[in-house]
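What follows is calculated from the coordinates using simple rules that are stated; it is not laboratory data. Treat the numbers as computed from the prediction; the structure is a model and nothing was measured. Cβ: placed from backbone, ideal geometry, glycine included. Neighbour counts: every protein chain shown.
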Amino acid sequence: GAGVSQSPSNKVTEKGKDVELRCDPISGHTALYWYRQSLGQGLEFLIYFQGNSAPDKSGLPSDRFSAERTGGSVSTLTIQRTQQEDSAVYLCASSLDRYEQYFGPGTRLTVT
Amino acid sequence: RKEVEQDPGPFNVPEGATVAFNCTYSNSASQSFFWYRQDCRKEPKLLMSVYSSGNEDGRFTAQLNRASQYISLLIRDSKLSDSATYLCVVKSSGGTSYGKLTFGQGTILTVHP
């Protein structure tokens, strides 16, 4: 079956612009997670959705970052007024409640 | 102190070698433990779960010591295809962070002919 998909796969943007990253989880997976992987920082948790609710947003680095999930499915991570330190690979994962998390291929964001 | 700490390596070993990776975690309330594998420019994929009783999957053996908050991964008879970054992962078990994964920095393994 289809795995987790993310779009775009690569995004280059100018400093100060807003970007939207999309995640399509595996159908039926209730839990959705966003992580970020950058050089020197490893993989960091950003936000967790259970259905359309986000019980844990503790990993969002600043108020420029927001995310939503609609219909218990697709999620969008938005970064406003991008900065160079936002450059990273943004990974989405989904799971059936407490079970294994399956990761998407990621979106590589470069802020110039 | 990082929540999950690993020796970043790199480990360079010949084919057929046995290699061991270690990891420590700081949150004694952590409940679930895993090793993930990540190939260059790819997403992480679950390699195996880690249990106190130890578990083995072919050439791979994982072990958890809750008292020492220590996790290990042993790879026997290394193959060229084992070259990757190995991530030690701890999963939160309850509250609003339910299911959140905390990753170590990863240990880079290169197996050479």
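Overview of results
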read-out	value
GNM result for chain B, Cα springs below 10 Å: residue of B:ALA29, B:ALA20, B:ALA62 fluctuating most strongly	B:ALA29
Kirkwood-based shape ratio for chain B, expressed as Rg/Rh from alpha carbons	0.97
Inter-part distance where the range B:44-58 and the range A:1-29 are each reduced to a Cα centre, Å	29 Å
Extension gain, B:LEU46 back to B:HIS112 (0.36 nm per residue minus Cα-Cα distance, nm)	21.4 nm
From the C-alpha gyration tensor of the range A:37-84, square roots of 5λ in Å	21, 13, 9
Nonlocal amide H pairs with B:ASP7, under 5 Å, H built at 1.01 Å	B:ASN22
For the range B:57-113, diffusion coefficient by Stokes-Einstein and Kirkwood Rh (Cα), 10 °C, 1.306 mPa s, µm²/s	119 µm²/s
Residue among A:GLN41, A:GLN84, A:GLN50 with the largest mean-square fluctuation in a Gaussian network model of chain A, springs linking Cα atoms under 10 Å	A:GLN41
Additional length obtainable on full extension of the chain from A:GLU100 to A:LEU39, 0.36 nm per residue less Cα span	19.4 nm
Local electrostatic count at A:LEU46 - Lys and Arg +1, Asp and Glu -1, tallied over other residues with Cβ under 11 Å	+1
Cα convex hull of the protein assembly as shown, projected area averaged across orientations, nm²	12.7 nm²
Peptide B:98-107 - average C-beta neighbours from other chains (10 Å radius)	6
Only Lys, Arg (+1) and Asp, Glu (-1) charged, at Cβ; the range A:26-112 dipole about Cα centre in debye	120 debye
Highest-MSF residue in chain B out of B:ARG76, B:ARG59, B:ARG37 [GNM, Cα springs under 10 Å]	B:ARG59
Cross-link reach list, lysines versus B:LYS42, counting only Cα pairs under 23 Å and skipping chain neighbours closer than eight places	A:LYS11, B:LYS79, B:LYS91, B:LYS100
Shape parameters for the range A:17-112, alpha-carbon atoms, Rg then Dmax in Å	12.6, 38
